[in-house]
Amino acid sequence: MIKTCLEYHQATSYDRFAMSGHSLDWANQPKVFKEYPGIPSLPLPRDLQLPKGKLSAILSEPAAAGLPKRLDLETLSLLLLLSNTHTARARSSEGDFFFRSAASAGALYPTEIYIASHEVKGID
């Protein structure tokens, strides 16, 4: 079993030197953000305060970290920011490259998060 797992890992692992003949077409990059023309959007709060303390304490006692008992739009925005945002931007002669908080093997496509919510204060 270990040999099979190791073989799978080696066969599927990212190796930029094994990608001969391919290069990025910087002039044909996908958009950084998805757009849905004609569909209303919900602007999210931008002035967010990061909770202080260890994640385990915040999850077990949200009120102690200054978070509301009931999920509201600001807390939802904070969750989205921490889980799926651009954390840095690198500039090069070919253009900008964005780094994400959810790591990938260099994927340039936009990502999406779908939210199923119930009684979130601030969302109709």
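The residues in the range 63-73 that are crowded, with 16+ Cβ neighbours inside 10 Å and more than 19 Å from ALA116 (Cβ to Cβ) can be counted, and the count is 2. Only residues that are among the hydroxyl-bearing types (Ser, Thr, Tyr) and surrounded by 10 or more Cβ atoms within 10 Å (Cβ to Cβ) were counted in the range 46-62, giving 1.
LEU24: closer than 25 Å to ASN84 by Cα, surrounded by 10 or more Cβ atoms within 10 Å (Cβ to Cβ) and at pLDDT 75 or above, yes or no?
Working: closer than 25 Å to ASN84 by Cα: yes; surrounded by 10 or more Cβ atoms within 10 Å (Cβ to Cβ): yes; at pLDDT 75 or above: no.
No: the conditions fail for LEU24.
The values are calculated or read from the model by the stated rules, or taken from the named source; none is laboratory data. Since we're looking at a predicted model, the values are computed, not measured. Every residue, glycine as well, gets a Cβ built from its backbone with ideal geometry; the counts of neighbours run over all protein chains shown.
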